[in-house]
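In what follows, a single structure is set out as structure tokens and then discussed.
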Amino acid sequence: MNIFGTELSRLDLERRTGDLSAVAGIRSVVLDDGVERGVRALQLRTAAGLELEVLVDRAFDLGSASLRGVPFGWRSGNGFRHPGLHEHSDEGGLSWLRALDGLLVSGGLDHTLFGGEVDATRYGYPPKQSVTHGLHGRLTAIPAKLLEAREVPAADPSGTPVLRVVGEVIQATSFGEHLRLTRTIELDFDGREIRLHDVVDNLGFEPTPHMFLYHLNIGWPFVDEGTEFVAPIAKTLWASDSAAEQGVSYRILPAPITGFVEQVFEHELVPDADGRHHVALLAADGARGVEVSWTAAGMPHFFEWQNLRAGQYAVGLEPSTHHVGGDGAARDDGSMTFLEHGERREYSTVIRVLEGPAEVDAVRDAIRSIAGQPE
């Protein structure tokens, strides 16, 4: 393992400290002030200086994230609100925006994108003919059950141990959906990447809609004036009206803009030879960046969310199971996923923090070798 610039075996490290958590490890805490009071969290820290917060009580999503003290996970100002404060149907279904904070906010499990009313007669409960969804579904406000939090030794004695946490989130109602998300998050003991493996399965006995989306939010200083969004784009399928009205580039970011209206683009990406999608945000000076990759088969669609408003400055990288039209459109065109009892879907995603011009240039070149990118 590379420990503070020195190559050491585990035995070498054990000779030098009586507690490996002095170097890297997992700590369980409970947030205890303001809107966050009572939220359980796991703090993961690697020897490379990667620090990550896993919010157990907010669907096992990712909160604060930094590398050597420099944040890359966005903080919106909302705080990591306790789920007991969330009102799903408040503000015309837009109350999800009050929970939008941190590196990852997941959408799902039976609905993502904008809300609306859809048929629910499949559940066979006459008083419930329809169900009303808010923005990005109900998942965000559901606490997880913590299944595992430990250091996993490498199979090879000379290999690198892994920090692993596993959580389970159940989204269920009588006479409705009964879906389970099992999320595994891994960091190498000396690593700078976050690996997520999600499994969603249907515990119920009726065919149940399933939609899933990652709202991966990158903030300053990884998002700054001149930061470049790099992706192998076949074409842009859709853009919000604000993109044409404001004319801000999807590719090169400006400084924060007072009163900026969010811009959203749906890009059709070209996968690499291994069937994975890749996108990156690269700083103008080449000093840093973030690359996100995921299995294209699981989440074939992708949105770029620009929230470049002063005081909220961020870019969202959003792999998705479905197009921008959402639940109703997916039912109409036959693209909705319906899970039978016991059926499951798996999702594999890697978030890698880049350091220095060599890594930044290598990622830019690798992505451009997959496909070009419109100006």
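The values are calculated or read from the model by the stated rules, or taken from the named source; none is laboratory data. Values in this document were obtained by computation on a predicted structure and should not be read as measured data. Note: ideal-geometry Cβ built from the backbone for every residue, glycine included; neighbour counts use all protein chains shown.
Just a yes or no: is a residue in region 328-339 crowded, with 22+ Cβ neighbours inside 10 Å and assigned to a strand (DSSP E or B)? So far as region 328-339 goes, yes, one or more of its residues are crowded, with 22+ Cβ neighbours inside 10 Å and assigned to a strand (DSSP E or B). Residues that are on the phi > 0 side of the Ramachandran plot and of a type outside the set (S, T, N, Q) do occur in region 221-230. If we scan region 211-224, do we find a residue that is surrounded by fewer than 23 Cβ atoms within 10 Å (Cβ to Cβ), in contact with a Phe, Trp or Tyr (Cβ under 8 Å, 6 or more places away or on another chain), assigned to a loop (DSSP other than H, G, I, E, B) and modelled with pLDDT of 95 or more? So far as region 211-224 goes, yes, one or more of its residues are surrounded by fewer than 23 Cβ atoms within 10 Å (Cβ to Cβ), in contact with a Phe, Trp or Tyr (Cβ under 8 Å, 6 or more places away or on another chain), assigned to a loop (DSSP other than H, G, I, E, B) and modelled with pLDDT of 95 or more. Among the residues of region 258-266, is there at least one that is touching an Asp or Glu at 6+ places or on another chain (Cβ under 7 Å), more than 26 Å from residue 226 (Cα to Cα) and either buried (at least 16 other Cβ atoms within 10 Å of the Cβ) or charged (D, E, K, R) (or both)? Within region 258-266, none of the residues are touching an Asp or Glu at 6+ places or on another chain (Cβ under 7 Å), more than 26 Å from residue 226 (Cα to Cα) and either buried (at least 16 other Cβ atoms within 10 Å of the Cβ) or charged (D, E, K, R) (or both).
Listed residues 292, 353; which is buried (at least 22 other Cβ atoms within 10 Å of the Cβ), in a strand (DSSP E or B) and touching a Phe, Trp or Tyr at 6+ places or on another chain (Cβ under 8 Å)? Of 292, 353, the one residue that is buried (at least 22 other Cβ atoms within 10 Å of the Cβ), in a strand (DSSP E or B) and touching a Phe, Trp or Tyr at 6+ places or on another chain (Cβ under 8 Å) is 353.
In region 234-251, the condition of being touching a helix residue (DSSP H, G or I) at 6+ places or on another chain (Cβ under 9 Å), over 29 Å from residue 198 (Cβ atoms), among the hydrophobic types (A, V, I, L, M, F, W, C) and in a strand (DSSP E or B) is met by no residue.
For residue 64, indicate whether it is outside any loop (DSSP other than H, G, I, E, B), out of contact with any Leu (no Cβ under 8 Å at 6 or more places or on another chain) and without any contact (Cβ under 8 Å) to a residue 40 or more places away in the chain.
Criteria not met by residue 64.
When restricted to residues that are buried (at least 16 other Cβ atoms within 10 Å of the Cβ), in contact with a strand residue (DSSP E or B) (Cβ under 6 Å, 6 or more places away or on another chain) and either among the aliphatic types (A, V, I, L, M) or free of Cβ contacts under 8 Å to residues at least 60 places away in the same chain (or both), region 32-44 contains 3.
Against the numbered list (1) surrounded by fewer than 16 Cβ atoms within 10 Å (Cβ to Cβ); (2) on the phi < 0 side of the Ramachandran plot; (3) in contact (Cβ under 8 Å) with a residue 24 or more places away in the chain; (4) under 19 Å from the mean Cα position of the chain (by Cα), residue 84 comes up short only at (4).
For region 179-207, a tally of residues being over 18 Å from residue 60 (Cα atoms) and of a type outside the set (Phe, Trp, Tyr) returns 9.
Okay, residues lined up against (1) under 18 Å from residue 212 (Cβ atoms); (2) in contact with a strand residue (DSSP E or B) (Cβ under 9 Å, 6 or more places away or on another chain); (3) at pLDDT below 95:
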site	(1), (2), (3)
339	yes, yes, no
355	no, yes, no
363	no, yes, no
367	no, yes, no
371	no, yes, no
375	no, no, yes
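How many residues are small (Gly, Ala, Ser), over 19 Å from residue 227 (Cβ atoms) and in contact with a Lys or Arg (Cβ under 9 Å, 6 or more places away or on another chain) if we restrict to region 267-298?
2
Summed over region 152-187, residues that are closer than 15 Å to residue 26 by Cβ and either surrounded by fewer than 21 Cβ atoms within 10 Å (Cβ to Cβ) or at pLDDT below 95 (or both) total 8. A Cβ distance below 6 Å, combined with a sequence gap of six or more or placement on separate chains, defines the contacts here; from region 319-333, residues that are among the acidic types (Asp, Glu) reach residues that are assigned to a loop (DSSP other than H, G, I, E, B) and crowded, with 18+ Cβ neighbours inside 10 Å in the pairs 327/111. For region 91-112, filtered to residues that are among the hydroxyl-bearing types (Ser, Thr, Tyr) and either more than 17 Å from residue 35 (Cα to Cα) or buried (at least 24 other Cβ atoms within 10 Å of the Cβ) (or both), the residue that is nearest to the chain's Cα centre (by Cα) is 106.
Picking from 39, 54, which residue would you name as being within 23 Å of residue 165 (Cβ to Cβ) and touching a Gly at 6+ places or on another chain (Cβ under 8 Å)?
Values: 39 fails: touching a Gly at 6+ places or on another chain (Cβ under 8 Å).
Going through 39, 54 in turn, the sole match is 54.
Among the numbered criteria (1) touching a helix residue (DSSP H, G or I) at 6+ places or on another chain (Cβ under 8 Å); (2) within 20 Å of residue 243 (Cβ to Cβ); (3) of a type outside the set (S, T, N, Q); (4) assigned to a strand (DSSP E or B), which one does residue 323 miss? Unmet for residue 323, out of (1) touching a helix residue (DSSP H, G or I) at 6+ places or on another chain (Cβ under 8 Å); (2) within 20 Å of residue 243 (Cβ to Cβ); (3) of a type outside the set (S, T, N, Q); (4) assigned to a strand (DSSP E or B): (4). Apart from one condition, residue 285 fits all of (1) of a type in the set (Asp, Glu); (2) in a loop (DSSP other than H, G, I, E, B); (3) touching a helix residue (DSSP H, G or I) at 6+ places or on another chain (Cβ under 8 Å); the exception is (3).
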